[in-house]
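These notes are about the structure you will find just below.
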Amino acid sequence: MLQLDRITLREIRLRLREPFRISSGVMDERRILLLELHDAGGVSEWAECVAGETPNYSPETIDTAWFAIREWLAPRLLGKSVGEPESVHEILERNISGHNMAKAALEMGSYGLIARKRETSLSSLIGGQRERVATGISIGIQKDPEALVERAKRALADGYRKIKLKIQPGADVEYVGAVRKALPENTDLMADANSAYRLEDADHLVKLDAFGLIMIEQPLNRDDLVRHAQLQRRLKTPICLDESITDVARCEDMIALKSGRIVNIKPGRVGGFTIARRIHDVCAQNAIPVWCGGMLESGIGRAYNVSLASLPNFTLPGDLSPSARYWDRDIVTPEWTMDSQGMVAVPRDKPGIGVTVDRGRIDDLTVREEQLRASGA
Ligand code: OSB
Ligand code: MG
């Protein structure tokens, strides 16, 4: 049972150790929306909204999410009794379309809070099984192929089990080819285009087939399931969809149309754990491998992703890099670390999200704060 009597929204600013460039934009400082969910029984847990600063990856931003949570979503939970975290999705979904990242922050926070209340780990609450999850790195677009090769070599030496290279027109075949040549043949390499191409680029993208990539992520626009299917018929390399998969139906359509063969699951993009788990199950039934994507989360959002990635069909390494890949100092203790085999430990022996939030540091980083309470409270 869950009864939220207060939700604290905060915006913190956290500077990335280096700018992260993808085809649709560059980030150097993250504006992160954190939520603290307070249960009437006195227990609380933290959650993170993964919306970015600009609507390039998805239509949502930190500011639209803040508004949606305050105006429409949080009022549906505050002051009400909720039996199971599974019912939160439905409560938030009814007659409110979109705003998946805003919904996800509340929905996932409800799972975290219930785990904390039951003194069980988030991973066990959702049926996770792995003690450790395999980790990949996502490397942003670099100024030239040499710089990218240097990054990729370092990542391999660090132990990462999958290396993802961001690409865009003008920084693709030559860049990926240089990395392929410089790394051992058996290195799992992939590219992520973040929708930078059109179907007319198919002849060009076919050149990537020469590099034996384990997948190419989201080459075309999010709504282009039919075009992705046309492109997949031309490519040997499996297409993995990210931006396109916003709900279970979209995943079923991908399978029916053969628009892709692998799915990147980001719980924030699909509205939370309930749908993330349904997509995981649909994929498992259809022999579609899945992996957990990242949105440059702080240590709080990372905790949710690591727990999700402990489910059985997350068979490919996730974008779950350790804290030090992103930040000089994270906002949780212990910070997220990776061993030399590229594995991150799932905190299955700790209650709730499994990390302690550094409240003093968050206070220092907070630029805006708002308390949400049940109306009339
Ligand atoms: O497409 O996966 C993506 C970051 C921001 C927006 C979109 C994406 C990404 C990443 C980052 O690739 C992965 C990570 O968090 O390490
Ligand atoms: Mg992606």
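The values are calculated or read from the model by the stated rules, or taken from the named source; none is laboratory data. The shown structure was predicted, so the numbers you read here are calculated from the model rather than taken from an experiment. No Cβ is skipped: glycine too gets one built from the backbone with ideal geometry, and neighbour counts run over all protein chains shown. Note: areas computed on protein heavy atoms with side chains; ligands, DNA, RNA excluded. Shrake-Rupley method; radii C 1.70, N 1.55, O 1.52, S 1.80 Å.
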* **Options Ala152, Ala147: the member that is modelled with pLDDT of 95 or more, open to solvent by less than 90 Å² (accessible area, probe 1.4 Å) and under 23 Å from the mean Cα position of the chain (by Cα)** => Ala152
* Looking at segment 297-327, which of its residues are closer than 18 Å to Ile12 by Cβ, within 16 Å of ligand 2 (Cβ to nearest atom) and charged (D, E, K, R)? -> Glu297
* Show the residue pairs that are 6+ apart or on different chains and have beta-carbon atoms under 7 Å apart, the first residue being within segment 82-99 and more than 19 Å from His38 (Cβ to Cβ), the second being among the β-branched types (Val, Ile, Thr). => Glu86/Thr274; His89/Thr274; His89/Ile275
* For segment 1-28, how many residues are of a type outside the set (A, V, I, L, M, F, W, C), out of contact with any Pro (no Cβ under 9 Å at 6 or more places or on another chain) and within 18 Å of Val367 (Cβ to Cβ)? -> 5
* Restricting the search to segment 242-261, which residues are closer than 17 Å to Ile167 by Cβ and in contact with a strand residue (DSSP E or B) (Cβ under 6 Å, 6 or more places away or on another chain)? -> Asp242, Gly260
* For segment 216-236, state whether one or more residues are without any contact (Cβ under 8 Å) to a residue 24 or more places away in the chain, open to solvent by 60 Å² or more (accessible area, probe 1.4 Å), closer than 26 Å to Asn305 by Cα and of a type outside the set (A, V, I, L, M). => yes
* Asked: Before we move on, is Arg21 surrounded by fewer than 21 Cβ atoms within 10 Å (Cβ to Cβ), in contact with an Asp or Glu (Cβ under 7 Å, 6 or more places away or on another chain), part of a strand (DSSP E or B) and not hydrophobic (A, V, I, L, M, F, W, C)?
  -> no
* Asked: What is the number of the single condition among (1) touching a strand residue (DSSP E or B) at 6+ places or on another chain (Cβ under 7 Å); (2) of a type outside the set (S, T, N, Q); (3) open to solvent by 10 Å² or more (accessible area, probe 1.4 Å); (4) part of a helix (DSSP H, G or I) that Met338 does not meet?
  -> (4)
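Right, Thr64: open to solvent by 20 Å² or more (accessible area, probe 1.4 Å), modelled with pLDDT of 95 or more and either away from ligand 2 (no atom under 16 Å from the Cβ) or touching a strand residue (DSSP E or B) at 6+ places or on another chain (Cβ under 9 Å) (or both) or not?
yes
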* Structure fact -> Expected output for segment 319-340 (first residue among the acidic types (Asp, Glu), partner assigned to a helix (DSSP H, G or I), Cβ below 6 Å, 6+ apart or cross-chain) is Asp330/Gly299; Asp330/Ser323; Glu335/Ser323
* Structure fact -> Residue hits (segment 260-278; within 16 Å of ligand 2 (Cβ to nearest atom) and buried (at least 24 other Cβ atoms within 10 Å of the Cβ)) are Gly260, Val263, Asn264, Ile265, Lys266, Pro267, Gly268, Arg269, Val270, Ala276
* From Arg277, Arg302, residue being touching a residue at least 60 places away in the same chain (Cβ under 8 Å), within 18 Å of Met101 (Cβ to Cβ) and not acidic (Asp, Glu) -> Arg277
* Being modelled with pLDDT of 95 or more and buried (at least 20 other Cβ atoms within 10 Å of the Cβ) is the filter; apply it to segment 1-13 and report the residue that is nearest to the chain's Cα centre (by Cα). => Ile12
